[in-house]
Amino acid sequence: MQEFAWWQHSVIYEIYPRSFQDSSGDGVGDLNGILERLDYLVHLGIDAVWISPIYPSPMADFGYDVADYCGIDPLFGTMEEFDRLLAEVHRRGLKMILDFVPNHTSDQHPWFLESRSSRDNPKRDWYLWRDEPNNWLSHFGGSTWERDNATGQYYCHSFLKQQPDLNWRNSAVKAAMFDTLRFWLQKGVDGFRVDVMWLMIKDDQFRDNPPNPGYRMGQPSHHRLLAVFNSDRPEVHELVREMRAVVDEFPQRVLIGEIYLPVPQLMTYYGLDLKGANLPFNFQLLQCGWSADAVAQAISDYHGAIPEGAWPNWVLGNHDQPRIATRVGPRQARVAVMLLLTLPGTLTMYYGEEIGMTNVPIAAGQVQDPAEKNEPGLGLGRDPERTPMPWDGTASAGFTTGAPWLPLGDDYKTVNVAALGQDPRSILQLYRKLIGLRRGRPTLVNGKLQSVAAENGVLRYVRIGAHDRILVLLNMGMDVAQITLDGGTVLASTGLDREGETVSGTLDLKSGDGLAIDLP
């Protein structure tokens, strides 16, 4: 795999730093906590860590309201501790990817404090100000526009009112933000995941969005309108191209874009001549139904649309989406592991997936997430998938010596790293097995993906390399399924109980069973 860039054959592990490991006892994870757990990540077999925002922030949206793009929030540590963590990540042969939050700053960022100080301040045009609001809606409920009483104008915020949107049509904004990228790249950071990449440019005429004829009660309120004029604007692609050019000033770095769009629009973010995002995040497995037919269709639609020469990627979960084990149940969570780790391209997993963590119910008095506070009862809160990582069965699960910032799951005494590490057939061991298999069989990374099909609840596909063929069978249905095949040797099974077995003729697959088979 030497001919490929490091990120093309990587398994990326997302760390939500508040919840990974607390080293100080304040109940919130930090940089030194991540450092303490690096050897665990090496043993797991991942290649890169992606760390959610750690910049100075008032924490209105837990770090996605940035007050200084070139610092470290004291909650997480110091710049010296970051430098030490980065050095130790690299010493272990891993890579580090940081979150970059370009759409908006905190309302406490010095730029915005200047911008709102007067209508004629030089930084007034660094943000989007209007005399009158239009009908655009915030992703966190209500209008996108907030009136500033001191100056009598409204500023745009796609999320919280504490997160004013930058004006990326202003060349000074662009230059300042690109310099922040260079700051971290010069430190040695290996790339960025760009938050809400598709929202960065808004319509320059500020036209009203049209009604959404498909809106139904119970959906998030911003779905009432089609976001035609404040998302996925044509001009965003030139901006992404320029951002990629900055990253390309430094060798062997990667630019990943968070983009929640249908497949045809998603593909445009690879850019003309593939000079856009290296990896526009592919969320198809997060959004499709969990059945062999639905997943086969999602895989086929995505692979059929990838531009020639572009590199695929797959995601099972992240800090904004319900955990996979909650979505599909414990048996199918093992199927999901095998699915993810036998698909081609770059793969991203979310901390805790490897131990089968599920969403933790959050009582009303424990809610932290503003998405839930602003629109309660719609299930928009992201706290349940952001709870602390359980490392062992002791008090506070080895995560902290204090009180965790979010509650632990009721099952933490059995669903934890220490306990599952002792179980030879646990989901943690399945992750380790399949990551190791992927590393040892390049066909699983860059081999052709062929014969994607679904039948009787079983998803099947073949990975074809220069010297081998690997058949993947995943029973995503409720019933036992019979499969006929000419023959092969089992490389891995979801139950970790059939490796090396020779199979041929009629094969029974129980619900939740999956096999990766080396074909002759």
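The values are calculated or read from the model by the stated rules, or taken from the named source; none is laboratory data. Everything quoted here is computed from the prediction, not taken from an experiment. As a convention, Cβ positions derive from the backbone with ideal geometry for all residues, glycine included, and neighbour counts pool all protein chains shown. Remember, those area values only see protein heavy atoms, side chains included, never the ligands or the DNA or RNA. Shrake-Rupley method; radii C 1.70, N 1.55, O 1.52, S 1.80 Å.
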Here are 191, 141, 152: which of them is modelled with pLDDT under 95 and not β-branched (Val, Ile, Thr)? 141
Name the pairs whose Cβ atoms lie under 8 Å apart, with the first residue in the range 222-233 and in contact (Cβ under 8 Å) with a residue 60 or more places away in the chain, the second among the acidic types (Asp, Glu) and open to solvent by 40 Å² or more (accessible area, probe 1.4 Å), and 6 or more positions between them or separate chains? 229/208
Just checking, does the range 492-515 include any residue being in contact with a strand residue (DSSP E or B) (Cβ under 8 Å, 6 or more places away or on another chain), farther than 25 Å from residue 330 by Cβ, touching a residue at least 40 places away in the same chain (Cβ under 8 Å) and part of a strand (DSSP E or B)? no
Can you name every residue in the range 169-178 that is assigned to a loop (DSSP other than H, G, I, E, B) and open to solvent by less than 50 Å² (accessible area, probe 1.4 Å)? 170
Suppose we keep only residues that are part of a loop (DSSP other than H, G, I, E, B) and free of Cβ contacts under 8 Å to residues at least 40 places away in the same chain within the range 370-406. Which one would you say is farthest from the chain's Cα centre (by Cα)? 394
Return the total of residues in the range 177-198 being in contact with a helix residue (DSSP H, G or I) (Cβ under 7 Å, 6 or more places away or on another chain) and either among the basic types (Lys, Arg) or without any contact (Cβ under 8 Å) to a residue 40 or more places away in the chain (or both). 2
Could you check, for the range 325-333, whether at least one of its residues is farther than 26 Å from residue 443 by Cα, among the hydroxyl-bearing types (Ser, Thr, Tyr), open to solvent by less than 40 Å² (accessible area, probe 1.4 Å) and not in a loop (DSSP other than H, G, I, E, B)? no
Among the numbered criteria (1) over 26 Å from residue 128 (Cα atoms); (2) under 24 Å from the mean Cα position of the chain (by Cα); (3) part of a loop (DSSP other than H, G, I, E, B); (4) touching a residue at least 24 places away in the same chain (Cβ under 8 Å), which one does residue 249 miss? (2)
Determine whether the range 127-141 contains at least one residue that is on the phi > 0 side of the Ramachandran plot and surrounded by 16 or more Cβ atoms within 10 Å (Cβ to Cβ). yes
Could you go through the range 262-277 and let me know if any residue there is closer than 14 Å to residue 348 by Cβ, open to solvent by 10 Å² or more (accessible area, probe 1.4 Å) and not in a helix (DSSP H, G or I). no
Being β-branched (Val, Ile, Thr), closer than 23 Å to residue 293 by Cα, open to solvent by 30 Å² or more (accessible area, probe 1.4 Å) and at pLDDT below 95, is that true of even one residue in the range 463-475? no
Quick check, is residue 435 out of contact with any His (no Cβ under 9 Å at 6 or more places or on another chain) and either part of a strand (DSSP E or B) or more than 20 Å from residue 354 (Cα to Cα) (or both)? no
I'm trying to understand the selection: among the residues of the range 285-312, which are free of Cβ contacts under 8 Å to residues at least 40 places away in the same chain, open to solvent by less than 30 Å² (accessible area, probe 1.4 Å) and closer than 30 Å to residue 248 by Cα? 286, 302, 312
If you scan the range 476-496, which residues turn out to be closer than 20 Å to residue 430 by Cβ, open to solvent by 30 Å² or more (accessible area, probe 1.4 Å) and of a type in the set (Val, Ile, Thr)? 489
Of all residues in the range 313-324 being assigned to a loop (DSSP other than H, G, I, E, B) and not polar (S, T, N, Q), the one that is most open to solvent (accessible area, probe 1.4 Å): 322
Set 230, 209: member being of a type in the set (S, T, N, Q), under 25 Å from residue 178 (Cα atoms), modelled with pLDDT of 95 or more and not in a helix (DSSP H, G or I): 230
Scan of the range 348-369 for residues that are open to solvent by 60 Å² or more (accessible area, probe 1.4 Å) and either of a type in the set (Ser, Thr, Tyr) or free of Cβ contacts under 8 Å to residues at least 24 places away in the same chain (or both), ordered by number: 361, 364, 365
In the range 142-168, the residues that are open to solvent by 50 Å² or more (accessible area, probe 1.4 Å), in a loop (DSSP other than H, G, I, E, B) and over 22 Å from residue 219 (Cα atoms): 149, 150, 162
Report the residue count in the range 430-453 for those that are open to solvent by less than 40 Å² (accessible area, probe 1.4 Å) and polar (S, T, N, Q). 1
Kindly indicate the residue of the range 179-206 that is within 19 Å of residue 252 (Cβ to Cβ) and hydrophobic (A, V, I, L, M, F, W, C) and also surrounded by the most Cβ atoms within 10 Å (Cβ to Cβ) among those meeting that condition. 194
In the range 476-496, anything small (Gly, Ala, Ser) and either closer than 28 Å to residue 356 by Cβ or at pLDDT 95 or above (or both) is listed as 477, 481, 488, 492, 493, 495
